[in-house]
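> To start, I am sharing the structure in question, which I have written as structure tokens.
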Amino acid sequence: MTESDNPRPWENLAEEPKENWRERKGESRENEGDDRGSRGDKRDNERKGRGGFKGDRKGGYKSGGKYSREERGGKRGGYSGRPRRDNDRDDWRRDDRGGKRNFERGGERRDSGRSGFRSAGSERGSRYNDRGYNRSRTGSDKRGHGTTGRSRYLEIPASITWDMLDKEAWSRLSPLPKETAENVARHLVMSAELFDTQPELAHEYARAALKMAWRIDVVREAVALTAYACGKYSEALREVKTARRMSGIEVLKSVEADSERGLGRPEKALEIIKSVKPGDLDRTEQFELALVESSARADLGEYETGLAVIEAALAQVDSDAESFEYGRLLSVKADRLRELGRDEEAAAAQALIPREPEDVEILDIQEAEEAEQKANPTTLQGANVPLAQLYPLLLTDLDGVTWNGAQPVDGVAQSISAGRELGGKFVFLTNNAARIPQDVVAKLAAAGVEVEPDDIVTSAQDGAAKLSELLEPGSKVLCVGGEGVPHAVQEAGFEAVSTADQKPAGVLQGLGFEVGWAELSEACYAIANGAKWVVTNMDYSLPTEKGRGIGNGSLVEAIRRVTKSEPIVCGKPELSIYDLAIKRCHDYLMGNEEIAAEVKANEEAAAAAREQAKQAREAKEDPDSEPVVLSEADLAKEKEFDRVKAAERKHRILKRHALAIGDQLATDILGANNAQLASCVVLTGLTKPRDLVMAPPAQRPTFVALDLADLSVPIERPELRNRGWWYTENTRARVNGHDIEVRGLGVLSEDGTVVSLGEFRAILAAVWYAREQGNRVDCPEFSVVREVERDYGEEDDLDPDETAPEYNDAKPVVEQGTTDVE
């Protein structure tokens, strides 16, 4: 059956739930409102301004109620799988949360305002760029709020794709038919995006996903989390228990306990917490349960006990490394102290909450970029000067960029030499962990490119760096892969071993051309015995001169299926390998006078912002109260905190001066976008022109080139001028209906058509813009060359009376991501 034969592909399941999943018999909605029973206004659970779906829109649902931030930076996230309470999100948040933070308590809290979420019409406005969402900047929502009738039409923009869902959550959808799984994934991602600002609507998307996949545990978890966020505690409890029965895992214990509090049953919350075995939970969930227990004790008037719970949790937190949990726990401690009438101690605890002064955007680059984006709405960029001159650091892929298998890409040595003459430093990043850096240096030399070993960053080195965070120095690490894997392990200070009998504490798995059954089995044995499992990359294929060969990701899947374990993934598209490269090039970048001056100006402005915040805080203090005097230890912590934040600010500036270059969208370009680096795709490897045209937003590059030679010439940016045409160089393209039109070529409809690089860039801008508007685009397979001679007739000149194509006038297309919800 084709998609056109089945306009509702999400209805492929043969069975429907025997129970209505919205409301079960005997369950009253009255207990889902604001009635807190005897707890009154004592609930420490305002959930204002919570973080959620960010930046590159990677959905955050994760099996087992885990949080998907994964230390990857960028702005990833979504559902945390745990409750958020005790005013922890509005006033004191991590540095990727945005917004103003002062951790001031805002008057008396009452249950009528407990959720802290903003409605669609809030004055807060949207935090997203809203392309393709038809939402205004004021935050008003035009997607169905206030409509009459039994159903609401749930829209999902074309820019929301199934592959934005967290990998682990996506794997949980495997029992579903492919098109149904993709549709469920899009609903979960959309729900995650709305979770922060519109929890009620987020809940509707989660429930729509439930209607399609009511037997999938991760979908039940999503419904539980969104119901909890909306204050629908009965439903949250119901779905938590259902998810638990399905998965067999004790998930969302803190959500369950806090939902009992929400229903006015703090005693029941304490029973749940008491039943939990500490060894069954990670540290984050233990902190969450401590917050719930402290608040439940306060609900019962047991303030001393609630304080003791928080102090015990604080004793387990490293205030330097865990400043997020540290700040939340200190805030709750201050609450308990105030409830006991110990205001001076509460003020002292409040003063210890870590500050985050770096939120001020020192150089107003973002505002200028947003203005430019509004005037020219495409993510595809241009440059008036060559990229090798614009970006001092060029993080370049190897396979598919400098060579394919054993064959160098044509002209690669000349291209790199030209880029170096313009001031660009080439550092080579590779997911191929089979070779040691010295072998890569030798292979580049054979291709005519001279480099130093320090200019090679391998995924094996990235994996070894990750193991350094997990294991003690000198630990044994079982190595699976080529020579590059044990070499990186030994360089990191570990002992490389080859069998599970040697009792390794870790496993590092990378690409190896001789890896077979024996090596993979040894890894399975070691992982089953508790070894930490780190993999260098998840590339399922490897470009060779013959085509696609087997990549490391395919071998990882074999071990994953046997061990039922999930590895820690390094290499591209993870953030860690880019951070490793930037840190290695720190001295080189800081040697650039312009970059050094930018860092200095940023720090001076940050210091001024801190001083201004300090003066404002002092102005609010009661002059009659005794000032809080910090101990030497606390002052040392403050100083260390400032040092860490300064390093983070510098790192962000250094990243702005690096360009990531690669041939694969799902690794090189997605990784660069995750790391918030500018990126350039080249067409010398696996990515074909049509792949790039149809790429989801998270895999779209900043620049497009045929090969590395394009780093040495300016690139003209496509511009939307009039009547829907995107212009670049001497050509133009647009999307009319579902067709791609190119000047001098007409409709791009036949496979095998050849277009110029300039035409290709115009096509990309036109198609990406049309797809952001929700328009379906038909695109054949075609090829790209640097120049194409065309004879332009009079009919190719723009008719001043010609009207622009109206995307919204086209016949509506029923997409997988739209459904009616009763």
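> From the set of residues in segment 714-731 that are within 34 Å of the chain's Cα centre (by Cα) and in a strand (DSSP E or B), which is nearest to THR684 (Cα to Cα)?
Per the criteria, the residue is ILE715.
> Same structure, new question: Which residues, counting only those in segment 168-190, are surrounded by fewer than 19 Cβ atoms within 10 Å (Cβ to Cβ) and assigned to a loop (DSSP other than H, G, I, E, B)?
The first filter runs over segment 168-190 and keeps only residues surrounded by fewer than 19 Cβ atoms within 10 Å (Cβ to Cβ), leaving 168, 171, 174-175, 177-179.
If the condition is that a residue be surrounded by fewer than 19 Cβ atoms within 10 Å (Cβ to Cβ) and assigned to a loop (DSSP other than H, G, I, E, B), then SER174, PRO175, PRO177 are the ones that fit.
Here is a yes/no grid of residues against (1) modelled with pLDDT of 90 or more; (2) of a type in the set (A, V, I, L, M, F, W, C):
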{"site": "SER295", "(1), (2)": "yes, no"}
{"site": "THR305", "(1), (2)": "yes, no"}
{"site": "PHE324", "(1), (2)": "no, yes"}
{"site": "SER331", "(1), (2)": "no, no"}
{"site": "ALA348", "(1), (2)": "no, yes"}
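> Got a sec? Which of ALA607, ALA558, ALA596, ALA581 is of a type outside the set (D, E, K, R), under 30 Å from GLY481 (Cα atoms) and surrounded by fewer than 16 Cβ atoms within 10 Å (Cβ to Cβ)? Quick ask: steps written out before the conclusion?
Numbers: ALA607 fails: under 30 Å from GLY481 (Cα atoms); ALA596 fails: under 30 Å from GLY481 (Cα atoms); ALA581 fails: surrounded by fewer than 16 Cβ atoms within 10 Å (Cβ to Cβ).
From the options ALA607, ALA558, ALA596, ALA581, the qualifying one is ALA558.
> Quick one: in segment 466-506, which of the residues that are free of Cβ contacts under 8 Å to residues at least 40 places away in the same chain and basic (Lys, Arg) is nearest to ASP579 (Cα to Cα)? Full working, then the answer.
Of the residues in segment 466-506, the ones free of Cβ contacts under 8 Å to residues at least 40 places away in the same chain are 468-469, 472-477, 479, 486, 489-506.
Restricting the remaining residues to those that are basic (Lys, Arg) gives 476, 503.
Values: LYS476: 25, LYS503: 31 Å.
Residue satisfying both the conditions and the ranking: LYS476.
> Here are the criteria: (1) small (Gly, Ala, Ser); (2) crowded, with 19+ Cβ neighbours inside 10 Å; (3) modelled with pLDDT of 90 or more; (4) more than 30 Å from SER417 (Cα to Cα). Tell me which single one ALA388 does not satisfy.
(4)
> Could you give me the residue pairs with C-beta distances under 9 Å whose first residue belongs to segment 318-341 and is within 14 Å of ALA290 (Cα to Cα) and of a type in the set (Phe, Trp, Tyr), whose second residue is part of a helix (DSSP H, G or I) and at pLDDT 85 or above wherever it lies, and which are 6+ apart or on separate chains?
Pairs found: TYR326/LEU314.
> Only residues that are outside any loop (DSSP other than H, G, I, E, B) and either in contact with a strand residue (DSSP E or B) (Cβ under 9 Å, 6 or more places away or on another chain) or at pLDDT below 95 (or both): list them for segment 417-438, please. Step through it out loud before you land on a result.
Initial filter on segment 417-438 (outside any loop (DSSP other than H, G, I, E, B)): 417-421, 425-430, 437-438.
The answer is GLY419, ARG420, LYS425, PHE426, VAL427, PHE428, LEU429, THR430, PRO437, GLN438.
> Sticking with this one: Is there a residue in segment 336-343 that is modelled with pLDDT of 90 or more, of a type in the set (Lys, Arg) and touching a Ser or Thr at 6+ places or on another chain (Cβ under 9 Å)?
So far as segment 336-343 goes, yes, one or more of its residues are modelled with pLDDT of 90 or more, of a type in the set (Lys, Arg) and touching a Ser or Thr at 6+ places or on another chain (Cβ under 9 Å).
> Which ones in segment 547-580 are over 16 Å from VAL507 (Cβ atoms), in contact with a Phe, Trp or Tyr (Cβ under 9 Å, 6 or more places away or on another chain) and of a type in the set (A, V, I, L, M)?
Hit for segment 547-580 is ILE550, nothing else.
> Would you be able to say whether some residue in segment 159-167 is modelled with pLDDT under 90, part of a helix (DSSP H, G or I), in the same structural domain as LEU237 (by TED's automatic domain parsing) and over 25 Å from ASN674 (Cβ atoms)?
The answer is no; no qualifying residue exists.
> Applying the selection to segment 587-640, what residues are in a loop (DSSP other than H, G, I, E, B) and not hydrophobic (A, V, I, L, M, F, W, C)?
Going through segment 587-640, the residues in a loop (DSSP other than H, G, I, E, B) turn out to be 591-592, 621-631.
Correct list: GLY591, ASN592, GLU621, ASP622, PRO623, ASP624, SER625, GLU626, PRO627, SER631.
> Next question, about the same structure. Does ALA770 fit the bill of being modelled with pLDDT of 95 or more, under 23 Å from LYS688 (Cβ atoms) and not assigned by TED's automatic domain parsing to the domain that holds ILE160? Talk me through it step by step, then tell me what you get.
On the way: modelled with pLDDT of 95 or more: no; under 23 Å from LYS688 (Cβ atoms): yes; not assigned by TED's automatic domain parsing to the domain that holds ILE160: yes.
Taking the combined requirement at face value, the residue does not satisfy it.
> Starting from residues that are part of a loop (DSSP other than H, G, I, E, B) and in contact (Cβ under 8 Å) with a residue 24 or more places away in the chain, keep the ones in segment 445-465 and report whichever is farthest from VAL412 (Cα to Cα). Let's see the steps before the verdict.
Let us first name the residues in segment 445-465 that are part of a loop (DSSP other than H, G, I, E, B), namely 447-452.
Add one more test, that the residue is in contact (Cβ under 8 Å) with a residue 24 or more places away in the chain, and what stays is 447-449, 451.
Numbers: ALA447: 8, GLY448: 8, VAL449: 8, VAL451: 14 Å.
Across segment 445-465, the extreme among qualifying residues is VAL451.
> Only one of (1) free of Cβ contacts under 8 Å to residues at least 12 places away in the same chain; (2) small (Gly, Ala, Ser); (3) part of a loop (DSSP other than H, G, I, E, B) is not met by ALA442, so which one is it?
In the conditions (1) free of Cβ contacts under 8 Å to residues at least 12 places away in the same chain; (2) small (Gly, Ala, Ser); (3) part of a loop (DSSP other than H, G, I, E, B), ALA442 misses (3) alone.
> Of ALA709, ALA695, which residue is buried (at least 21 other Cβ atoms within 10 Å of the Cβ) and of a type in the set (A, V, I, L, M)?
Values: ALA709 fails: buried (at least 21 other Cβ atoms within 10 Å of the Cβ).
Only one candidate qualifies: ALA695.
> Mind checking which residues of segment 461-508 are in contact with a Gly (Cβ under 6 Å, 6 or more places away or on another chain) and surrounded by 20 or more Cβ atoms within 10 Å (Cβ to Cβ)? Walk me through how you get there before you give the answer.
Start the filter on segment 461-508 by keeping residues that are in contact with a Gly (Cβ under 6 Å, 6 or more places away or on another chain), which leaves 462, 467, 471, 473, 477, 481-482, 485, 508.
Selection gives ASP462, LEU467, LEU471, VAL477, GLY481, GLY482, VAL485, LEU508.
> Considering LYS572, LYS564, which residue is within 27 Å of GLU168 (Cα to Cα), surrounded by 19 or more Cβ atoms within 10 Å (Cβ to Cβ) and not hydrophobic (A, V, I, L, M, F, W, C)?
Values: LYS564 fails: surrounded by 19 or more Cβ atoms within 10 Å (Cβ to Cβ).
When all the criteria are applied, what remains is LYS572.
> What are the residues in segment 691-713 that are in a loop (DSSP other than H, G, I, E, B) and either at pLDDT below 95 or under 26 Å from ASN775 (Cβ atoms) (or both), if any? Write out each step before concluding.
Going residue by residue through segment 691-713, those that are in a loop (DSSP other than H, G, I, E, B) are 694-696, 700-702, 706-707, 713.
Matches in segment 691-713: MET694, ALA695, PRO696, ARG700, PRO701, THR702.
The values are calculated or read from the model by the stated rules, or taken from the named source; none is laboratory data. Quantities reported herein were computed from a predicted structural model and do not represent experimental measurements. With ideal geometry, Cβ positions are generated from the backbone for all residues, glycine too; neighbour counts draw on all protein chains shown.
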